[in-house]
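Student: Let me give you the structure first, and then I'll get to my questions.
The values are calculated or read from the model by the stated rules, or taken from the named source; none is laboratory data. Please read all numbers here as calculations on a predicted model, not as lab measurements. Please note: Cβ atoms are built from the backbone with ideal geometry, for glycine as well, and neighbour counts cover all protein chains shown.
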Amino acid sequence: QPRTSEEYAPYGSFTEVFFKVAELNDTTLYIKQQSAGAAFSAGLVNVKLIPLSNEEISGFLADRDQRTTRRLATTNDGVGYLINHRPTTVEDLLREVEVFRHTDFGTLLLHVGGADGLNYPSQYGHMLSDHMDGYVYPDPTYKQYGEAVRELAKKRINPTKVLIEGAHALGMKVHVGIRPALWTYYEPLQRFFDSPFYQAHPEWRCVDRDGTPVARM
């Protein structure tokens, strides 16, 4: 039974969580503070090692290798992981799907921006936050997104492609989705989300009955 001190320590508590089953041998557990992306206020209290019996090991391996229960689906909005962790390498990106190895998750629902906005350079759309170096972001989380995608673009790394290939390597199915109507946004994030296509075609925008412009095409 996991333990917690939450009800006794309202100003700071710990809660036991399960990490993973691992064959230790020469394995090293390396713990460090997240150096990029969004900061999280958390700390490690202790690591508890619980040995497994031979029967438990056999049961774990049999369950890990079967695929009949891999029916769960997970979603990725295509933005949050670039904000929270600010990945700038292939290895950083693959950590987003590595957590699903040997689990019951068999499908990844992956989104890639919206309208013609993408998280990588493309001849068919524009990269969100492109040409925004030095811009004072009203929300620092989108600044981290911009820094991540621009650094990945310089290295010719397509984060969407890496996540798709990484999920496939784990035996997962991937369904890619797009928000068809995300071509603009309200202030203060309008400059971040504005679609050049949307701005270039005012004749296709909808207006209300009284002539008020609305964000529809």
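Student: Would you call ALA153 over 28 Å from ALA22 (Cα atoms) and among the small types (Gly, Ala, Ser)?
Tutor: On the way: over 28 Å from ALA22 (Cα atoms): yes; among the small types (Gly, Ala, Ser): yes.
When the stated conditions are applied, ALA153 passes them.
Student: Can you tell me how many residues within the stretch 157-171 are under 12 Å from ASP92 (Cα atoms) and in a helix (DSSP H, G or I)? Can you show your working first?
Tutor: So in the stretch 157-171, the residues under 12 Å from ASP92 (Cα atoms) come out as 157, 159, 162-163, 166.
With the extra rule that they be in a helix (DSSP H, G or I), the set shrinks to 159, 162-163, 166.
Number satisfying all stated conditions: 4.
Student: While we're looking at this one, here's another question. Suppose we keep only residues that are in a loop (DSSP other than H, G, I, E, B) and of a type in the set (Asp, Glu) within the stretch 191-209. Which one would you say is modelled with the lowest pLDDT?
Tutor: So the residue we want is ASP194.
Student: Given the residues GLU96, GLU56, which is the only one that is closer than 25 Å to GLU16 by Cα, without any contact (Cβ under 8 Å) to a residue 60 or more places away in the chain and not in a loop (DSSP other than H, G, I, E, B)?
Tutor: On the way: GLU96 fails: without any contact (Cβ under 8 Å) to a residue 60 or more places away in the chain.
GLU56 is the lone residue from the list that is closer than 25 Å to GLU16 by Cα, without any contact (Cβ under 8 Å) to a residue 60 or more places away in the chain and not in a loop (DSSP other than H, G, I, E, B).
Student: Continuing with the same structure: Tell me whether the stretch 17-28 contains one or more residues that are in contact with an Asp or Glu (Cβ under 6 Å, 6 or more places away or on another chain), in contact (Cβ under 8 Å) with a residue 24 or more places away in the chain and either under 27 Å from ASP92 (Cα atoms) or surrounded by 10 or more Cβ atoms within 10 Å (Cβ to Cβ) (or both). Quick ask: steps written out before the conclusion?
Tutor: Of all residues in the stretch 17-28, those in contact with an Asp or Glu (Cβ under 6 Å, 6 or more places away or on another chain) come to none.
Within the stretch 17-28, none of the residues are in contact with an Asp or Glu (Cβ under 6 Å, 6 or more places away or on another chain), in contact (Cβ under 8 Å) with a residue 24 or more places away in the chain and either under 27 Å from ASP92 (Cα atoms) or surrounded by 10 or more Cβ atoms within 10 Å (Cβ to Cβ) (or both).
Student: I need the full set of residues from the stretch 59-93 which are of a type in the set (Ser, Thr, Tyr) and either closer than 12 Å to LEU170 by Cα or without any contact (Cβ under 8 Å) to a residue 24 or more places away in the chain (or both), in order please.
Tutor: Matches in the stretch 59-93: THR68, TYR81.
Student: In addition: Within the stretch 116-126, how many residues turn out to be surrounded by fewer than 22 Cβ atoms within 10 Å (Cβ to Cβ) and either assigned to a loop (DSSP other than H, G, I, E, B) or in contact with a Lys or Arg (Cβ under 8 Å, 6 or more places away or on another chain) (or both)? Before the answer, list the steps.
Tutor: Initially, the stretch 116-126 is screened for residues surrounded by fewer than 22 Cβ atoms within 10 Å (Cβ to Cβ), giving 116, 120-126.
Now narrow it down to the ones that are either assigned to a loop (DSSP other than H, G, I, E, B) or in contact with a Lys or Arg (Cβ under 8 Å, 6 or more places away or on another chain) (or both): 116, 120-125.
Here the count works out to 7.
Student: Looking at LEU118, LEU61, LEU110, which one is farther than 30 Å from ARG205 by Cα and not hydroxyl-bearing (Ser, Thr, Tyr)?
Tutor: Values: LEU118 fails: farther than 30 Å from ARG205 by Cα; LEU110 fails: farther than 30 Å from ARG205 by Cα.
Result: LEU61 is the single residue among LEU118, LEU61, LEU110 that is farther than 30 Å from ARG205 by Cα and not hydroxyl-bearing (Ser, Thr, Tyr).
Student: Name the pairs: first residue in the stretch 170-191 and at negative phi and free of Cβ contacts under 8 Å to residues at least 60 places away in the same chain, second residue among the charged types (D, E, K, R) and surrounded by 12 or more Cβ atoms within 10 Å (Cβ to Cβ), Cβ to Cβ under 8 Å, at least 6 apart or on different chains?
Tutor: THR184/ASP194; TYR185/ASP194; PRO188/ASP139; LEU189/ASP139
Student: Continuing with this model, one more query. Report whether or not ALA181 is crowded, with 18+ Cβ neighbours inside 10 Å and either touching a helix residue (DSSP H, G or I) at 6+ places or on another chain (Cβ under 6 Å) or at pLDDT below 80 (or both). Give the steps one after another, and end with the answer.
Tutor: On the way: crowded, with 18+ Cβ neighbours inside 10 Å: no; either touching a helix residue (DSSP H, G or I) at 6+ places or on another chain (Cβ under 6 Å) or at pLDDT below 80 (or both): yes.
Considered against the rule, which asks whether it is crowded, with 18+ Cβ neighbours inside 10 Å and either touching a helix residue (DSSP H, G or I) at 6+ places or on another chain (Cβ under 6 Å) or at pLDDT below 80 (or both), ALA181 comes out as no.
Student: Still on this model: If I go through the stretch 91-115 residue by residue, how many of them are crowded, with 17+ Cβ neighbours inside 10 Å and acidic (Asp, Glu)?
Tutor: Residues in the stretch 91-115 being crowded, with 17+ Cβ neighbours inside 10 Å and acidic (Asp, Glu): 2 in total.
Student: What number of residues in the stretch 77-90 are farther than 23 Å from GLN33 by Cβ and crowded, with 20+ Cβ neighbours inside 10 Å? Spell out the reasoning first.
Tutor: Step one: filter the stretch 77-90 for residues farther than 23 Å from GLN33 by Cβ, giving 77-79.
If we keep only those that are crowded, with 20+ Cβ neighbours inside 10 Å as well, we get 78.
Within the stretch 77-90, residues that are farther than 23 Å from GLN33 by Cβ and crowded, with 20+ Cβ neighbours inside 10 Å number 1.
Student: Consider GLU165 against the criteria (1) surrounded by fewer than 18 Cβ atoms within 10 Å (Cβ to Cβ); (2) in contact (Cβ under 8 Å) with a residue 24 or more places away in the chain: it satisfies all of them except one. Which criterion is unmet?
Tutor: GLU165 satisfies all of (1) surrounded by fewer than 18 Cβ atoms within 10 Å (Cβ to Cβ); (2) in contact (Cβ under 8 Å) with a residue 24 or more places away in the chain except (2).
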